[in-house]
1. Taking the condition of being within 10 Å of the ligand (Cβ to nearest atom), buried (at least 18 other Cβ atoms within 10 Å of the Cβ) and over 20 Å from Q122 (Cα atoms), how many residues in segment 187-222 meet it?
2. For segment 265-303, which residues satisfy the criterion of being aliphatic (A, V, I, L, M), crowded, with 17+ Cβ neighbours inside 10 Å and either out of contact with any Pro (no Cβ under 9 Å at 6 or more places or on another chain) or part of a helix (DSSP H, G or I) (or both)?
3. If I ask for residues that are farther than 30 Å from T119 by Cα and within 27 Å of the chain's Cα centre (by Cα), which ones from segment 351-375 would you list?
4. If I filter segment 331-353 for residues that are surrounded by 21 or more Cβ atoms within 10 Å (Cβ to Cβ), farther than 25 Å from A194 by Cβ and either within 14 Å of the ligand (Cβ to nearest atom) or polar (S, T, N, Q) (or both), do I get at least one hit?
5. What are the residues in segment 111-151 that are hydrophobic (A, V, I, L, M, F, W, C), away from the ligand (no atom under 16 Å from the Cβ) and surrounded by fewer than 24 Cβ atoms within 10 Å (Cβ to Cβ), if any?
6. Only one of these is in a helix (DSSP H, G or I), closer than 24 Å to T8 by Cα and under 14 Å from the mean Cα position of the chain (by Cα): G79, G146. Name it.
Amino acid sequence: MFSTAQQTLSPAKALHFITQNAAQVDYDGAFPTAEFERLRQAKLMSITLPHQPLASSKAQTSRLLQLLKAIGKASLPVGRVYEGHVNALLLIELYATTQQQQQWFNDAANQHLFGVWNTQAQDGVRLHDLGNGRYRLEGCKTFCSGAGHVNRPVITADWVSPQHKGWQMCVLPLERLAQATIDRDFWKPLGMRASASFKVDFTGLEITDDELLGPPDAYYRQPYFSGGAIRFAAVQLGGAEAVLEATHQILRETKRIEDPFQRARVAEMTYLIESGNLWLKQAGKKNDKWAQQPQNTDKLLAYANMTRTVIEDVCLRCMQLAERSVGSRGLIRPQALERVHRDLTTYLRQPAPDATLIAIGEYVLNQETTQKLWHVAK
Ligand SMILES: Cc1cc2nc3c(=O)[nH]c(=O)nc-3n(C[C@H](O)[C@H](O)[C@H](O)COP(=O)(O)OP(=O)(O)OC[C@H]3O[C@@H](n4cnc5c(N)ncnc54)[C@H](O)[C@@H]3O)c2cc1C
């Protein structure tokens with residue numbers, strides 16, 4: 001939870017602090033608490049709530065993607081946790097009852113950090129129906145970003161009940177979350193240390209009807225489930241921008257800017273990143289249009305899948321170009337590039353990249369022709 005002091009801060013100052021502090025929280029078990037305090041002071045923790053500047057009803061997805069990219073550029077772990085918060089609030093907007101929305105939006109406006117914990121291993125979470133609107137959780141989630149700091153996680157669970165079947169979202173209240181067991185040893189990653197993506201065991205926690213979010217399987221409803229990939233892609237592209245920034249700085253400091261090979265590599269990184277920016281801009285616009293048109297759900301998903309795939313390639317290529325430009329000296333701590341490279345390498349690993357690529361091809365081949373593939377009707 002954040003402090004209750006009502007200080008305000010400009011988003012630019014918050015981002016500056018996050019950039020400057022990123023190296024200080026680059027250790028196992030760390031969490032960027034001071035960074036989230038700054039984001040709260042800059043009013044960015046509530047900016048997507050209804051009636052706020054980036055509310056989903058205002059169709060401002062491109063601006064939201066720019067914000068996610070800017071936070072990712074400042075720090076990929078902060079960007080990861082922030083994206084989870086935004087995602088959870090969107091799920092609540094889509095699926096919660098009016099009463100639940102009142103409570104949880106109020107919580108978000110008053111200091112609480114949300115997240116979405118869906119990933120699990122063999123010992124995944126099951127939701128036992130105890131009758132009379134009471135339920136007991138059993139099992140674990142892996143990669144729970146912000147565990148121990150997120151105090152309103154949306155978690156998913158498989159129903160064990162005579163009445164219900166499927167994949168159920170729940171929003172866990174803080175007082176019951178305290179009984180969960182966090183396995184911090186799970187998270188000894190190459191990068192993204194400060195995302196605190198621990199394993200959490202929820203066995204024995206009891207919840208009620210008030211804490212169930214939406215009907216079973218709502219979590220996987222499209223276009224919201226796969227379409228959300230453009231948000232993590234935006235954070236990742238921020239990482240690529242940080243790689244370019246660090247490379248640029250090192251080359252200038254070492255006075256290696258006259259060399260044609262260095263110029264060629266920087267040129268390639270720059271146009272790749274700008275391509276990523278154009279993809280994000282288009283993806284945001286098309287998302288806002290097609291999300292309102294159920295007949296265009298498949299088109300929206302194919303476009304989101306392309307955006308995510310292109311941006312992964314952009315990031316991978318930029319890291320390779322940066323390595324060749326700066327050489328081994330540039331990949332040693334405390335160079336920012338050493339950390340950003342590890343963070344981006346880790347954060348690029350997102351679910352089902354192969355299936356994503358295949359789905360794009362499937363969509364295109366299922367069209368009668370390739371004319372007007374991404375046409376937006378007026
Ligand atoms: C820093 C970080 C933070 C995260 N935070 C969260 C969080 O807060 N909440 C959350 O829910 N999740 C979180 N995750 C998990 C994330 O959403 C993905 O689930 C996870 O990163 C998938 O990674 P993977 O590469 O191991 O996936 P895998 O699915 O194992 O993919 C690895 C490779 O195997 C391929 N593959 C996948 N399935 C099959 C198959 N059946 N047969 C053959 N090949 C296959 C893939 O295409 C890919 O090439 C986080 C991950 C990271 C890295």
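1. 6
2. V266, M269, L272, I273, L280, A283, L300, L301, A302
3. The one that is farther than 30 Å from T119 by Cα and within 27 Å of the chain's Cα centre (by Cα): W374.
4. No - not one qualifying residue is present in segment 331-353.
5. Within segment 111-151, just L130 meets the criteria.
6. G79
Residue-wise test of (1) modelled with pLDDT of 95 or more; (2) outside the structural domain of L205 (by TED's automatic domain parsing); (3) farther than 29 Å from G29 by Cβ; (4) outside any loop (DSSP other than H, G, I, E, B).
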| site | (1), (2), (3), (4) |
| --- | --- |
| L54 | yes, yes, yes, no |
| L67 | yes, yes, no, yes |
| I71 | yes, yes, no, yes |
| H85 | yes, yes, no, yes |
| G124 | yes, no, no, no |
| H128 | yes, no, yes, yes |
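The values are calculated or read from the model by the stated rules, or taken from the named source; none is laboratory data. Remember, it's a predicted structure, so these values are computed and weren't measured experimentally. Don't worry about glycine lacking a Cβ; one is built from the backbone with ideal geometry, like all the others, and counts go over all protein chains shown.
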